[in-house]
Amino acid sequence: MGAIRVHELAKELGISSSEILEKMEKIGFPAKSHMASLDHQQAERVRNFYRPVEIIEKRITPGIIRRRAKVEEVKVVPKEEVPALAKEVAAPLAEMEAKISEAPSLMET
């Protein structure tokens with residue numbers, strides 16, 4: 001699959017080009033306009049933000065059913081916050097590793 005333009009992706013997803021441009025900036029590959037080209041990998045990352053998670057169905061009348069896709073947005077962490085998050089994860093991990101290394105000695109006694 002070749003390159004796709006931002007406005008084509010917006011049309012495919014049913015949202016505005018400006019909203020996609022904002023998401024792209026959060027992801028880390030900003031584009032300047034709706035005519036910017038995206039490669040397959042970039043387009044797929046943008047699509048992942050808008051994947052429907054759950055279909056909500058509501059009966060309006062006996063012959064009319066309204067279905068809406070509930071979309072869950074993925075939280076993007078800025079590059080500046082990654083080291084702080086890594087430290088938060090590393091501390092409990094180190095404690096768990098220490099407990100695991102003590103476990104054989106506890107079993108021997």
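Taking region 15-34 as the range and being among the basic types (Lys, Arg) and within 16 Å of the chain's Cα centre (by Cα) as the test, the residues that pass are Lys23, Lys26. Of the residues making up region 66-84, not a single one is hydrophobic (A, V, I, L, M, F, W, C) and modelled with pLDDT of 80 or more. His40 satisfies every condition listed in (1) under 30 Å from Val82 (Cα atoms); (2) touching a helix residue (DSSP H, G or I) at 6+ places or on another chain (Cβ under 7 Å); (3) at pLDDT 80 or above except (2).
Just to be sure before I move on: is Glu12 under 28 Å from Val82 (Cα atoms), modelled with pLDDT of 85 or more and more than 12 Å from the chain's Cα centre (by Cα) in the structure I sent? No. Taking the criterion of being surrounded by 12 or more Cβ atoms within 10 Å (Cβ to Cβ) and either at positive phi or part of a loop (DSSP other than H, G, I, E, B) (or both), the residues of region 1-50 that qualify are Ala3, Ile15, Ser16, Phe29, Ala31, His34, Ala36, Asp39, Tyr50.
The values are calculated or read from the model by the stated rules, or taken from the named source; none is laboratory data. Since we're looking at a predicted model, the values are computed, not measured. Heads up, the Cβs are rebuilt from the backbone with ideal geometry, glycines too, and the neighbour counts pull from every protein chain shown.
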